[in-house]
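Enquirer: My structure is below; once you've seen it, I'll send some questions.
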Amino acid sequence: MVHMKPVLKILMVEDSAQDAELIRHQMRKSGIMHEARVTEEADAFKLALAEFQPELILSDFSLPHFSGKDALLLRQELAPDIPFILITGSINEETAVEMMKLGSDDYILKENLTKLGVAIRQVIEKKAIQKEKKAAESKLRILSRAIEQNPASIVITDVRGNIEYVNPRFTELAGYTLQEVQGRNPRVLKSGNKSDGFYKNLWRTILSGKEWRGEFENRNKMGEIYYENTIISPITDENGKITHFLAVKEDITDQKKHQKKYALLAQSLESISECVSITDTEDNIVFVNKSFQRTYGYSEDELMGKSIRMVRPPDIEHLQVREILPRTLEGGWKGEIINKKKDGTLFPVLLSSTTVRDENEKLTALIGVASDITEMIRQREELMEAKARAEENNRLKSALLNNMNHEIRTPMNAIMGFSSLMMDANDQEKVAFANIILNSSNQLLGVIDEMILLSRLQSEKVELVVNALNPSECLRDVFAMFNYGQKEKNLTMKLLIPVELSRLCILSDLTKLKQILTNLLTNAWKFTTSGTIEAGLARIGNQLEFYVRDTGMGIPERERSRIFEAFFRSDYAIAQAIGGSGLGLSISKELVGLLGGELYFTSEEGKGSRFAFTLPIGEGCPGGSTEHETREEMDVMNNFSLLIAEDEHINFRYLEILLKGHLRRIDHAKNGEEAIRMASENHYDMILMDIKMPVMDGIEATKLLKAQFPELRIIAQTAYTLPEETAIIRAAGCDDVLCKPIKKESLLKIFQS
Ligand code: ADP
């Protein structure tokens, strides 16, 4: 293989033009086409090397200003690849050897110029091969350095897979030197977590000439596990025959550790009970854990990529913008806010939000951890209520003790004070003092009884005696006690019982019911100086309401919340020395509660109050009357005032008992004359006139009364039932006639007509 160019560029170092021509002639003869430049001194030689770029140097040995040796040294220095042939007239052997040692590629004696052509060809050939070899060597050097210095582990095996070469990175990772692993199968370095099938597949791939990629878990010389991503590829010779395998392995242990860490983190986030959400800087959801999906009622698909605003009710948006977001960006925010579920339910959450930043501190995401605190808030409220109750109980207890002390001491002081005064008192004083002592003792006893009752009621030790009872009768009985006292005060007493409730029967404790009614009516009585006291019944659903309304002084707003407290008495009650222990309403409230009802009131200062309580109506009474039975009672007659003219006291008592509780006032006149006097002194709605009376009989009295009070209703009561008699009675002016013995029903009919 001749590496010669068609026209060879030759630099000649020659002082003799004749010799130069001879040499060129010889070359032409040898068929070497060329272009020549001739120099005879150093500078021109150097210039020619740079400019002319010769492919061959032919140099004379001795020149007047230059020498073949100088030229050779310059070539070595400046262009060692250009072949150099020394052409000399004579040369001794030593010089020739020296020149060859210095790098001359050949030398020719001028007398042997015919050999020049062959010599040139050989030298150029040799130089070309040398150059190729050098290039190949350099390539190999680069390649081997690339492999030696590669950051990946490199293993080269023979076709059977036995290691022939490992690079330093392999030694660094695996801990084995080349000597320790040479000839061994790389499989012995693996941790052994792969099956035979896996290796079979690997071999099948690489033997088919393809590349195999995969992950290996390895064990290094110290026994530590490390992971590698491996590419194994076959190396083939120029005929395509596989001679080796090359494995390039990248250490992914850190990556694996991170992966494991991330997997663990993700798993932990999924399994915690708090709702975790991660949003990007645009507020869009990039992660939500299971608990979040469960609590808010959305599926993962419904949330991913959507704005987290969907879980915030619109009215907290300003809080988000003004406080939560700025604080989160500053480092973190924690607090209670309201969130919204998919179904629109609002619920409280405890939220803590923080930021995620990259290595350049740039914000990449926001993390929110929220827990549903509905239950917690409920418990907290309960706890606070319980605390307030306990504090209130404490306060009440000490107030109670203080009051008890006062309520007991006041009558006790009187008893003790007047007892000691008794010693030196005269008879008249003794009587007065004894009265005071008796009253105070009664007062003390009353307080003690009430206190004991209240404390028994509060400790739930009171038993109920439940019986069928008629509420209207019960109310009437209690009301009657007050009705008779109305004369002392300028009061109108009214009892309003709707007809449909008058026969109603309920199951309850009569004594306790009466006690409640007595307490309410007593209060109405005590705190009302003029106007009306009205008591009545009303039906509210399946509850029966008892009420007592008065036109008294009412309860000032500031005292309304306290009137059910034990021993509480209004400033007015204290200032006006209105009797009472302040236990009545507390007891009533407990009693009503015990009977399954509720006690409440409304009041207006200066105008009056209405106290009422409910009792359950229940199923009715076994064997008792029902509200649908005959309407025999009248509803409104409570404002009625009646004069009974009757000489027989027993007859009067009978009528009085019949009408007790129904009328505001029942007066008794023992004869006609007394009846006329009483009627002119008082206003009566009606007179029940007995006909046969001493002093002045009923006929006479009726005539006189009707002449004076034509509007006044006069009903005659007589044992005579003959028609003539009745005619006389009616002629006298009586509006109606009742026959003795008078029945309740006929009496009530008269009042209703
Ligand atoms: P007492 O047994 O001393 O009457 P209560 O517990 O029955 O005590 O009543 C407590 C306070 O409630 C009374 O002192 C009074 O201030 C107020 N009160 C109760 N009933 C009435 C009412 N009908 N009108 C005005 N104040 C009332």
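Every number in this text was worked out from the coordinates using simple rules, so none of it is lab data. Since the model is a prediction, treat every value here as computed from it, not as a measurement. Positions of Cβ are backbone-derived with ideal geometry, glycine not excepted, and every protein chain shown enters the neighbour counts.
Enquirer: Suppose only helical runs count, i.e. DSSP H with n ≥ 4. What mean residue ellipticity at 222 nm does that imply for the chain under -39500 (n - 2.57) per run, divided by all residues and rounded to the nearest 500 deg cm²/dmol?
Expert: -13500 deg cm²/dmol
Enquirer: Check His244: other-chain or 5+ apart residues with amide H under 5 Å from its amide H, H built from backbone geometry?
Expert: Ile235
Enquirer: Then there's this: To make sure I understand the rule: partners must be aspartates and glutamates, Cα under 20 Å from the Cα of Lys139, and not fewer than 8 residues away in the same chain. Which ones qualify?
Expert: Output for Lys139: Asp81, Glu148, Asp237, Glu238.
Enquirer: What does the net charge come to around Val181 if you take all other residues with beta carbon closer than 11 Å to its beta carbon, with K and R at +1 and D and E at -1? Present the calculation step by step, with values, prior to reporting the outcome.
Expert: Working: positive: Arg184, Lys221; negative: Glu164, Glu180.
Combined, the nearby Lys, Arg, Asp and Glu give 0.
Enquirer: Over 29 Å between Cα atoms, which of Lys101/Lys131; Lys494/Lys514; Lys261/Lys290; Lys29/Lys134 qualify?
Expert: From the list (Lys101/Lys131; Lys494/Lys514; Lys261/Lys290; Lys29/Lys134), the Cα-Cα distance tops 29 Å for Lys29/Lys134.
Enquirer: What is the chain's relative contact order, in percent, from Cα pairs under 8 angstrom and six or more apart in sequence?
Expert: 5
Enquirer: A further question on this structure: Excluding residues on the same chain fewer than 8 positions from Lys703, give the lysines whose Cα lies under 16 Å from its Cα.
Expert: Partners within reach: Lys692.
Enquirer: A further question follows. Report the gain in length on full extension from Arg309 to Asn682: 0.36 nm times residue separation, minus Cα-Cα distance, nm rounded to one decimal. Intermediate results must be reported in sequence, preceding the final value.
Expert: Details: separation 373, 0.36 × 373 = 134.28 nm, distance 8.19 nm.
Length gained, Arg309 through Asn682: 126.1 nm.
Enquirer: Starting from the Cα of Glu21, step 7 Å toward the Cβ, then list every residue of region 56-79 with an amide N under 19 Å from that point.
Expert: 60
Enquirer: Same structure again: Take the alpha carbon atoms of region 491-538, find their center, do the same for region 254-326, and report the distance between the two centers in whole angstrom.
Expert: Centre-to-centre (Cα) distance: 65 Å.
Enquirer: Net charge near Met310, counting Lys/Arg +1 and Asp/Glu -1 over other residues with Cβ under 13 Å of its Cβ? Please list the in-between numbers first.
Expert: Working: positive: Lys306, Arg309, Arg312, Lys340, Lys341, Lys342; negative: Asp283, Glu302, Glu317, Asp343.
Value of the local net charge: +2.
Enquirer: Using 0.36 nm per residue of separation minus the Cα-Cα distance, give me the extension gain between Asn393 and Gln458 in nm, one decimal.
Expert: Numbers: separation 65, 0.36 × 65 = 23.40 nm, distance 1.23 nm.
That works out to 22.2 nm of additional length.
Enquirer: Using modelled backbone amide H atoms (1.01 Å from N, in-plane), which distant-in-sequence or interchain residues come within less than 5 Å of Gly531's amide H?
Expert: HN-HN under 5 Å from Gly531: Thr492.
Enquirer: Another question, then. Please get the size of the charge dipole for region 200-242, origin at its Cα centre, with Cβ charges of +1 on Lys and Arg and -1 on Asp and Glu, quoted in debye to the nearest 20.
Expert: 200
Enquirer: I've got another one for you. 7 Å from Cα along Cα→Cβ at both Ala468 and Ile728: what's the point-to-point distance in nm?
Expert: 4.8
Enquirer: So, one more: Once label points are set 7 Å from the Cα along Cα→Cβ at both Glu302 and His649, what is their separation, rounded to one decimal in nm?
Expert: With each label point 7 Å from Cα toward Cβ, the separation is 8.9 nm.
Enquirer: How many nm separate the modelled label positions at Ser441 and Glu41, each set 7 Å beyond the Cα in the direction of the Cβ?
Expert: Placing both labels 7 Å beyond Cα along the Cβ direction yields 16.5 nm.
Enquirer: Still on this structure, please answer the following. Could you give the dipole magnitude of region 647-691 about its Cα centre, charging the beta-carbon of Lys and Arg +1 and that of Asp and Glu -1, in debye to the nearest 20?
Expert: Charge dipole, region 647-691, about its Cα centre: 240 debye, nearest 20.
Enquirer: Between Glu93 and Thr243, what's the calculated FRET efficiency when r is the beta-carbon distance and R0 is 35 Å? Round to 0.05.
Expert: With R0 = 35 Å, the Cβ-Cβ based efficiency is 0.10.
Enquirer: Same structure again: Run the numbers for Leu73 and Phe198: contour at 0.36 nm per residue of separation, minus the present Cα-Cα distance, in nm.
Expert: 38.6 nm
Enquirer: Got a sec to turn the phi values of region 235-248 into Karplus ³J(HN,Hα) couplings, 6.51 cos²θ - 1.76 cosθ + 1.60 with θ = phi - 60°, whole Hz, x for Gly and Pro?
Expert: Using θ = phi - 60°, the values come out as 10, 10, 7, 4, 9, x, 8, 5, 10, 8, 10, 10, 10, 10 Hz.
Enquirer: Using a Förster radius of 51 Å, what is the FRET efficiency between Thr236 and Arg28 based on their Cβ-Cβ separation? Nearest 0.05, please.
Expert: On the way: r = 49 Å, r/R0 = 0.95.
FRET efficiency, Thr236 to Arg28: 0.55.
Enquirer: Take the Cα coordinates of region 416-497, assign each an equal point scatterer, and use the Debye formula without solvent to give log10 I(q)/I(0) at q = 0.11, 0.14 Å⁻¹.
Expert: Rounded to two decimals, the profile gives -0.65, -0.87.
Enquirer: Note the direction-averaged projected area, equal to a quarter of the hull surface, for the Cα convex hull of the chain, in nm².
Expert: So the mean shadow area of the Cα hull is 77.3 nm².
Enquirer: Which one of Leu537, Phe347, Val276 has its Cα pushed farthest toward the positive end of the charge dipole of the chain, where Lys and Arg give +1 and Asp and Glu give -1 at the Cβ?
Expert: The listed residue farthest towards the positive side: Val276.
Enquirer: If you take the beta carbon distance between Met100 and Asp254 as r and set R0 to 45 Å, what does 1/(1 + (r/R0)^6) give as a FRET efficiency, to the nearest 0.05?
Expert: The pair Met100/Asp254 has a calculated efficiency of 0.15.
Enquirer: List the residues, sorted by chain then number, that are 5 or more residues from Gln717 or on another chain and whose placed amide H is less than 5 Å from its amide H.
Expert: Here Met689, Asp690, Ile691, Leu738 satisfy the definition.
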